[in-house]
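Report on one structure; see the data block that follows.
The values are calculated or read from the model by the stated rules, or taken from the named source; none is laboratory data. Given the structure is predicted, the values throughout are model-derived calculations rather than measurements. A quick note on method: Cβ atoms are made from the backbone with ideal geometry, for glycine too, and the neighbour counts reach across all protein chains shown. These area figures cover heavy atoms from the full protein model, side chains too; ligands, DNA and RNA do not enter into them. Shrake-Rupley method; radii C 1.70, N 1.55, O 1.52, S 1.80 Å.
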Amino acid sequence: MDLAFTLVIQGVVFFLVAWAVMKFFWPWMMGAIEERQKKIADGLAAASKSQKDLDEAEARSKEIIREARDRAAQIVDLAGKRSNEIVEEAKGTASTEAQRLVAQAQDEVARESSRAREQLSKEVGRLAVEGASRLLGREIDPKTHADLLDKLAAEVASG
């Protein structure tokens with residue numbers, strides 16, 4: 001065969017194959033490539049959006065943590081103030097109670113002292129009457145004895 005004829009046939013076959021590829025295979029291949037490019041672009045956009053969301057979430061979490069720390073500090077301060085108030089209140093209550101107990105004890109001491117004086121006065125009077133009756137050899141009646149004690153007590157109180 002002639003070389004020119006072979007080249008022409010091969011040229012025609014090449015163009016027929018090129019046309020068939022361009023007509024049938026090329027659109028399918030371009031569709032697959034475009035679909036893959038779209039998926040890659042969507043993935044990159046989603047990754048970018050996710051990174052942006054992550055950055056926003058980190059910023060929000062830092063803000064929430066800062067607010068929580070501030071609130072915790074406020075609570076600690078309030079608790080400290082309240083504990084100081086409670087301590088002062090307890091001191092005041094204890095002081096008032098101590099003053100009341102001291103006053104009560106002083107009243108009790110005064111009553112006991114008064115009872116002891118009365119008892120001692122009666123005992124001294126009884127001993128004085130007994131001694132006087134021994135000296136005089138006779139007994140003084142209790143009414144006279146009570147009058148003498150009252151007079152003696154009046155003299156001691158005024159003197």
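Sub-7 Å Cβ pairs linking a first residue in the range 136-156 that is charged (D, E, K, R) to a second residue that is open to solvent by 60 Å² or more (accessible area, probe 1.4 Å) and at pLDDT 70 or above, at least 6 apart or interchain, number zero.
Can you say whether ALA153 is at pLDDT 85 or above and open to solvent by less than 100 Å² (accessible area, probe 1.4 Å), as far as the supplied structure shows? In short, no. For beta carbons closer than 8 Å, sequence separation of 6+ or different chains, a first residue in the range 31-53 that is in contact (Cβ under 8 Å) with a residue 40 or more places away in the chain and farther than 23 Å from VAL21 by Cβ and a second that is assigned to a helix (DSSP H, G or I) and open to solvent by less than 100 Å² (accessible area, probe 1.4 Å), there are no qualifying pairs. Based on this model, can you work out whether GLU88 counts as out of contact with any Cys (no Cβ under 8 Å at 6 or more places or on another chain), open to solvent by 100 Å² or more (accessible area, probe 1.4 Å), in a helix (DSSP H, G or I) and over 29 Å from ASP150 (Cα atoms)? Yes, satisfied. State which residue is farthest from the chain's Cα centre (by Cα) when the search covers only the range 100-143 and only residues that are polar (S, T, N, Q) and modelled with pLDDT of 75 or more. Here the answer is SER121. All conditions in (1) of a type in the set (Gly, Ala, Ser); (2) farther than 30 Å from LEU152 by Cα; (3) touching a residue at least 12 places away in the same chain (Cβ under 8 Å) hold for ALA103, with the sole exception of (3).
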